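See below for the structure under consideration.
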Amino acid sequence: MPLFRSPRGTRDLLPPERTAFMRLERIAARLAAQYGFRPIETPLFEQTGVFERGVGEVTDVVEKELFRLAPRSDEGETWALRPEPTAGLVRAYIQHGMQTWPQPVRLTTTGPMFRYDRPQAGRYRQFWQFDVEVFGDPGPAVDAELIELAVRFHTEAGLEAPDVYLNSIGDDACRPAYVEALAAFYLERIDRLPRLERERLERNPLRLLDSKDPSMVELNAEAPTITGRLCDACAGHFAAVRQHLDAVGVRYSVDPRLVRGLDYYTRTAWELFPAGARGTQSALGGGGRYDRLVERLGGRATPGIGFGIGLDRVLLALEAQGAPPESEPVPLAVVVGADPAGTRERLRIATELRAAGLTVRADLAQRKLGRQLEGAVRDGARFAVIVGDDLADGLVQLRDLGAASQKPVPLADLPALLRRKSGAAQ
Ligand code: HAM
């Protein structure tokens, strides 16, 4: 047993998994740039109030899952690790006066998030999200654009198009009446509610609809929906979002009870699940509109919308689909030598080849040539550059490890020759 292990609910991304993550990060960065999002990075922790006010105090994420950092100074601030990026991005939008930039402002970030949740398959205490946000565009077209982007990310990653569940959760004009109807529904059935949900009923009845408690599933299936209660403006907005989705060929199902677990949403809300596999723990991503959040965090009223995709879950879905693991980069050549002690020459030649842009490793262990060649084969290299006595004449031996053939090559010609060969392999 090792003395220390990674904390419960976290895991080390070993090279094969980190490589697979990097592939997803590259797809995310490429798509985000293609769709006009600009990269941004905010701290992994924020003042606790950013999340309490932003995400909402009566949410699982803040009540139960926030990693609060123990204060250790007299700065008078308390901090928490970010459970999601949106609240921090809104804080940054306000802090840096992005309201004065040309609107809309489109931002993207990808990185780790932290939720102190009960660890289980697909639910970690540290997980990664690809996130995009648009400030200053009330929609409805951008709503559809983001959903299409979220779907495209999955298909470009190699997954079957995910199932999209969509709803409008109204705004300040129509939601209060709906929340009242919902509260009345639950009050009539109060004896069927678990203790936490009873407490929440007073403060945030909407939360009960996305309760993870299994005893709530049946009850929630009978709960009133918002659909018929949307005000004209919200109903019109929702209808237009759907028309735009049709225009870009995104298939979706309307789920009139979808509310999402964070408090900041208004109007459009959606979640994505692996095709044909909707479960409480399996959402690949989710997003929605938050037209009041900038104000709630102290800025000027500005509409906003965004989504987050869980990269850990995308990888799990790829695995479940039987996708082959991502291959790690292999060196084109390994520089080996007849003299085990000749590490200076091997390092110098490899350095020159790398300076010429080639992917090359030097065998720097002082071991026999046979062992060095075995290592090169194990690495999957196509060539071994063998340094021997003929170096005095400016020559090395270039061995094709697949063909087991070998020929002398002037050192000066080596970069161009290897570059040609690596080009031929592509
Ligand atoms: P969220 O639905 O809480 O939304 O999280 C987005 C995605 O992160 C989930 O669909 C899931 O794939 C992944 N995720 C969440 N918790 C975990 C966990 N414990 N372990 C592994 N993966 C997890 C948000 O975070 C919003 N900020 C999305 C958004 C952006 N809305 C507007 N803009």
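The values are calculated or read from the model by the stated rules, or taken from the named source; none is laboratory data. Since this is a predicted model, take the numbers as computed values, not measurements. Because the Cβ atoms are built from the backbone with ideal geometry, glycine has one as well, and the counts that use them run over all protein chains shown. Just the protein is used for accessible areas: all its heavy atoms, side chains included, with ligands, DNA and RNA removed. Shrake-Rupley method; radii C 1.70, N 1.55, O 1.52, S 1.80 Å.
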Before we move on, is Leu89 out of contact with any Gly (no Cβ under 6 Å at 6 or more places or on another chain) and either more than 14 Å from the ligand (Cβ to nearest atom) or assigned to a loop (DSSP other than H, G, I, E, B) (or both)? no
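For (1) outside any loop (DSSP other than H, G, I, E, B); (2) touching a Pro at 6+ places or on another chain (Cβ under 7 Å); (3) within 25 Å of Met216 (Cα to Cα), each residue gets a yes or a no:
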{"position": "Ala239", "(1), (2), (3)": "yes, no, no"}
{"position": "Tyr264", "(1), (2), (3)": "no, no, yes"}
{"position": "Ala269", "(1), (2), (3)": "yes, no, yes"}
{"position": "Asp291", "(1), (2), (3)": "no, yes, no"}
Any idea which of (1) within 16 Å of the ligand (Cβ to nearest atom); (2) in contact (Cβ under 8 Å) with a residue 60 or more places away in the chain; (3) open to solvent by less than 40 Å² (accessible area, probe 1.4 Å) is the one Glu65 doesn't satisfy? (2)
Would you say Ile305 is over 21 Å from Gln397 (Cβ atoms) and not in a loop (DSSP other than H, G, I, E, B)? yes
Among the β-branched types (Val, Ile, Thr), within 15 Å of the ligand (Cβ to nearest atom), under 23 Å from Cys231 (Cβ atoms) and within 17 Å of the chain's Cα centre (by Cα): does that describe Ile169? no
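Conditions (1) under 20 Å from Glu145 (Cβ atoms); (2) surrounded by fewer than 20 Cβ atoms within 10 Å (Cβ to Cβ), marked per residue:
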{"site": "Arg267", "(1), (2)": "yes, no"}
{"site": "Glu271", "(1), (2)": "yes, no"}
{"site": "Gly276", "(1), (2)": "no, yes"}
{"site": "Gly285", "(1), (2)": "yes, no"}
{"site": "Arg289", "(1), (2)": "yes, no"}
{"site": "Leu293", "(1), (2)": "yes, no"}
{"site": "Gly298", "(1), (2)": "no, yes"}
{"site": "Gly304", "(1), (2)": "yes, no"}
{"site": "Gly310", "(1), (2)": "no, no"}
So which of Val179, Val142, Val132, Val105 is near the ligand (Cβ under 10 Å from one of its atoms), of a type in the set (Val, Ile, Thr) and touching a residue at least 12 places away in the same chain (Cβ under 8 Å)? Val132
Please pick out the residue among Glu328, Glu345 that is farther than 21 Å from Glu57 by Cα, modelled with pLDDT under 95, more than 14 Å from the ligand (Cβ to nearest atom) and open to solvent by 20 Å² or more (accessible area, probe 1.4 Å). Glu328
Residues within the range 375-426 that are of a type in the set (Gly, Ala, Ser), in a strand (DSSP E or B) and open to solvent by 30 Å² or more (accessible area, probe 1.4 Å), tallied: 1
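Results for (1) at negative phi; (2) at pLDDT 95 or above; (3) in the same structural domain as Leu149 (by TED's automatic domain parsing); (4) more than 8 Å from the ligand (Cβ to nearest atom), shown as yes or no for each residue.
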{"site": "Gly249", "(1), (2), (3), (4)": "no, yes, yes, yes"}
{"site": "Ser253", "(1), (2), (3), (4)": "yes, yes, yes, yes"}
{"site": "Asp263", "(1), (2), (3), (4)": "yes, no, yes, yes"}
{"site": "Arg278", "(1), (2), (3), (4)": "yes, no, yes, yes"}
{"site": "Gln281", "(1), (2), (3), (4)": "yes, no, yes, yes"}
Which number in (1) open to solvent by 60 Å² or more (accessible area, probe 1.4 Å); (2) part of a helix (DSSP H, G or I); (3) among the polar types (S, T, N, Q) marks the one condition that Gln372 misses? (1)
Does the range 17-35 include one or more residues that are touching a residue at least 40 places away in the same chain (Cβ under 8 Å), farther than 15 Å from Gly111 by Cα and assigned to a loop (DSSP other than H, G, I, E, B)? yes
Looking at Val360, Val377, which is the one that is under 21 Å from Pro15 (Cβ atoms) and out of contact with any Lys or Arg (no Cβ under 7 Å at 6 or more places or on another chain)? Val377
Which count do you get for residues in the range 79-118 that are charged (D, E, K, R), surrounded by 20 or more Cβ atoms within 10 Å (Cβ to Cβ) and over 15 Å from Asp131 (Cα atoms)? 2
Condition check for Asp232: in the same structural domain as Leu89 (by TED's automatic domain parsing), free of Cβ contacts under 8 Å to residues at least 40 places away in the same chain and surrounded by fewer than 18 Cβ atoms within 10 Å (Cβ to Cβ): yes
List the helices (runs of 4 or more DSSP H) inside the range 126-229, counting only whole elements, that have at least 3 residues being open to solvent by 20 Å² or more (accessible area, probe 1.4 Å) and over 30 Å from Arg68 (Cβ atoms). 141-157, 175-188, 216-222
Since Arg195 meets every condition but one in (1) at positive phi; (2) without any contact (Cβ under 8 Å) to a residue 12 or more places away in the chain, which condition does it not meet? (1)
May I ask you to verify whether Arg313 is among the charged types (D, E, K, R) and not in a strand (DSSP E or B)? yes
Quick check on my filter: what residues within the range 26-45 are open to solvent by less than 90 Å² (accessible area, probe 1.4 Å), more than 15 Å from the ligand (Cβ to nearest atom) and under 20 Å from Leu81 (Cβ atoms)? Pro43
For the range 95-125, enumerate the residues that are of a type outside the set (Ser, Thr, Tyr) and in a strand (DSSP E or B). Val105, Arg106, Leu107, Gly111, Pro112, Met113, Phe114, Gln120, Arg123
State yes or no: is Arg313 within 12 Å of the ligand (Cβ to nearest atom), closer than 26 Å to Gln129 by Cα and either in contact with a strand residue (DSSP E or B) (Cβ under 8 Å, 6 or more places away or on another chain) or not hydrophobic (A, V, I, L, M, F, W, C) (or both)? yes
